[in-house]
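Right, one structure below, let's go through it.
The values are calculated or read from the model by the stated rules, or taken from the named source; none is laboratory data. Everything numeric in this text was worked out from a predicted model, so none of it was measured. Reconstructed Cβ throughout: ideal geometry from the backbone, glycine too, with neighbour counts over all protein chains shown.
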Amino acid sequence: MENLNYLDHSLKQQNIEYFVHLVRIAKADDIVSGPELELLYRIGKMIGFADTEIDQLVESTDKSDYLPPIELSKRFEQVYCIVKMAVSDGVIDKSEMRLATSFAMKSGFTENEIPKLLLLLINGIKQGNDDDDLFELYKKDRKL
């Protein structure tokens with residue numbers, strides 16, 4: 001039973017650290033716009049946070065070390081959400097791109113593949129593609 005508690009705690013901590021990265025992206029331009037806040041709440045609820053937890057995490061931007069998921073698909077999905085957050089207000093500034101690049105690197109993507117990955121995500125999100133479709137494109141491109 002203790003192992004289950006540890007795994008639950010570990011997953012919760014991972015979700016907190018991931019969410020903090022999303023908040024940093026939203027705050028990178030010093031303004032959390034309406035669409036960014038809506039997306040934060042939608043993602044926060046999706047990963048199991050209550051509104052009060054989301055409020056606290058949005059207000060808190062403490063630094064944390066990030067332990068990415070093992071599965072490539074989950075790491076891709078998290079980078080997708082980071083980029084979606086950056087794109088949500090219609091403007092991607094340099095600080096948002098730096099944070100997205102940093103997050104992708106911490107998630108285990110290589111320095112060589114990150115520019116192509118981010119371009120795929122930005123263009124795909126703007127075209128309305130979901131993370132599953134873009135992940136399939138990413139995997140096909142990766143095999144080439």
Considering residues of the range 129-144 that are free of Cβ contacts under 8 Å to residues at least 60 places away in the same chain and among the hydrophobic types (A, V, I, L, M, F, W, C) only, the residue nearest to residue 74 (Cα to Cα): 134
For residue 101: the one exception among (1) surrounded by fewer than 20 Cβ atoms within 10 Å (Cβ to Cβ); (2) more than 13 Å from the chain's Cα centre (by Cα); (3) modelled with pLDDT of 90 or more; (4) closer than 17 Å to residue 20 by Cα: (2)
Tally, over the range 29-56, of residues that are over 18 Å from residue 95 (Cα atoms), exposed (fewer than 11 other Cβ atoms within 10 Å of the Cβ) and over 17 Å from the mean Cα position of the chain (by Cα): 4
The range 116-128 - residue that is in contact (Cβ under 8 Å) with a residue 12 or more places away in the chain and surrounded by fewer than 17 Cβ atoms within 10 Å (Cβ to Cβ) and, of those, farthest from residue 30 (Cα to Cα): 116
Filter result for residue 99 (touching a His at 6+ places or on another chain (Cβ under 9 Å) and either over 15 Å from residue 14 (Cα atoms) or free of Cβ contacts under 8 Å to residues at least 12 places away in the same chain (or both)): yes
Residue in the range 28-38 that is nearest to residue 81 (Cα to Cα), counting only those that are modelled with pLDDT of 85 or more and of a type in the set (D, E, K, R): 36
Checking residue 64 against (1) over 19 Å from residue 131 (Cα atoms); (2) at pLDDT 90 or above; (3) small (Gly, Ala, Ser); (4) touching a helix residue (DSSP H, G or I) at 6+ places or on another chain (Cβ under 6 Å), the condition it does not meet: (2)
